């Protein structure tokens with residue numbers, strides 16, 4: 001009997017592993033469809049308090065949807081426009097930056113006693129002439145076209161989610177709890193008291209409410225922390241006269257949605273700008289130290305207090321989720337890793353299966 005139990009456990013283990021691998025492959029193959037759908041779902045959760053308020057005021061649903069789309073479109077294309085303008089301004093100063101970079105590499109090579117002609121007569125312009133500009137331009141065009149298409153796809157998903165989420169929830173209730181499963185929300189008190197309680201339905205409502213509240217808190221807290229960090233970084237670089245401080249602040253805001261990895265990239269790029277602009281190691285170390293202090297204060301001290309405890313996620317679980325979702329969906333997977341992991345943890349923590357509960361405990365910070 002014991003051998004049969006161990007054999008069944010081993011078989012179940014390998015079946016689960018194979019199922020997870022197959023699921024990962026499926027998610028990767030359907031990335032172009034699933035990523036906009038997931039982002040649209042998060043936007044729906046973010047807008048749900050405002051939308052609920054507007055619908056309670058008897059504002060038609062189509063007006064609410066148009067209002068949401070205007071906000072999303074305005075923010076998206078506003079950010080894109082700012083990034084494009086910053087890149088164009090940066091391109092105007094590229095010859096100056098190239099000459100300084102050539103000088104830095106050549107002087108460093110001489111100081112280290114390197115006689116290799118490649119470093120002794122280093123020229124970034126010669127390296128760039130070897131690039132295939134047609135292929136590069138084609139890649140940029142395809143990326144821009146794909147970005148616009150993804151935004152339109154996201155808006156389409158968002159419209160359907162906002163207009164159809166109530167019908168989906170009602171269908172789930174009818175499927176699992178019967179046709180008499182009328183929601184308890186916004187019902188008179190005598191109706192609620194007379195209605196036979198259904199623990200499973202109440203558990204479903206509690207789970208959905210927890211997921212919505214947790215994701216809302218995460219998105220709002222993360223945006224607030226990243227925005228403050230971006231403002232501090234931009235102001236710090238402005239004081240020390242680093243070129244394009246607003247662009248580096250915006251880069252800090254966006255990259256730090258990717259835990260750990262994003263912070264490192266957001267620190268390295270302005271540091272490179274500092275050493276190219278001023279050609280001073282001590283000044284560059286000062287800039288790097290100041291930015292490192294700001295990022296440590298916001299993302300290693302403040303963020304765990306505001307977000308880590310609210311989501312109750314173990315730092316190891318966060319790191320693994322970033323790596324796994326990044327492998328499945330790339331950069332966008334890294335951006336979505338934390339909220340997706342939080343949703344998975346909430347769902348499995350409500351399961352009666354001991355193995356799933358054990359996994360949820362491993363993912364918890366407490």
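Can you name the residue in the stretch 325-342 that is touching a helix residue (DSSP H, G or I) at 6+ places or on another chain (Cβ under 9 Å) and surrounded by fewer than 17 Cβ atoms within 10 Å (Cβ to Cβ) and, of all such residues, is farthest from residue 23 (Cα to Cα)? Among those residues, the one meeting the criterion is 330. If you go through the stretch 347-358 and keep only what is assigned to a helix (DSSP H, G or I), in contact with a helix residue (DSSP H, G or I) (Cβ under 6 Å, 6 or more places away or on another chain) and at pLDDT below 80, you end up with 349, 356.
Kindly establish whether residue 338 is under 20 Å from residue 208 (Cα atoms) and under 24 Å from the mean Cα position of the chain (by Cα). Considered against the rule, which asks whether it is under 20 Å from residue 208 (Cα atoms) and under 24 Å from the mean Cα position of the chain (by Cα), residue 338 comes out as yes. Does residue 67 satisfy being assigned to a helix (DSSP H, G or I), out of contact with any helix residue (DSSP H, G or I) (no Cβ under 6 Å at 6 or more places or on another chain) and modelled with pLDDT of 85 or more? The answer is yes for residue 67.
For the condition free of Cβ contacts under 8 Å to residues at least 12 places away in the same chain and farther than 24 Å from residue 95 by Cα, residue 293 qualifies. Scanning the stretch 235-282 for residues that are within 19 Å of the chain's Cα centre (by Cα), part of a helix (DSSP H, G or I) and surrounded by fewer than 18 Cβ atoms within 10 Å (Cβ to Cβ) yields 254, 261, 264, 265.
For the stretch 315-323, indicate whether the set of residues that are farther than 30 Å from residue 236 by Cα and in contact with a helix residue (DSSP H, G or I) (Cβ under 7 Å, 6 or more places away or on another chain) is non-empty. The answer is yes, given that some residue of the stretch 315-323 is farther than 30 Å from residue 236 by Cα and in contact with a helix residue (DSSP H, G or I) (Cβ under 7 Å, 6 or more places away or on another chain).
Please tell me if residue 313 is modelled with pLDDT under 85, surrounded by 15 or more Cβ atoms within 10 Å (Cβ to Cβ) and either in contact with a strand residue (DSSP E or B) (Cβ under 9 Å, 6 or more places away or on another chain) or outside any helix (DSSP H, G or I) (or both). Considered against the rule, which asks whether it is modelled with pLDDT under 85, surrounded by 15 or more Cβ atoms within 10 Å (Cβ to Cβ) and either in contact with a strand residue (DSSP E or B) (Cβ under 9 Å, 6 or more places away or on another chain) or outside any helix (DSSP H, G or I) (or both), residue 313 comes out as yes. The single residue among 52, 86, 48, 76 that is assigned to a helix (DSSP H, G or I) and loosely packed, with under 13 Cβ neighbours inside 10 Å turns out to be 52. Comparison of 134, 126 shows that the only residue that is surrounded by 11 or more Cβ atoms within 10 Å (Cβ to Cβ), modelled with pLDDT under 75 and more than 23 Å from residue 332 (Cα to Cα) is 126.
The values are calculated or read from the model by the stated rules, or taken from the named source; none is laboratory data. As the structure is a prediction and not an experimental result, all values here were calculated from the model. Please note: Cβ atoms are built from the backbone with ideal geometry, for glycine as well, and neighbour counts cover all protein chains shown.
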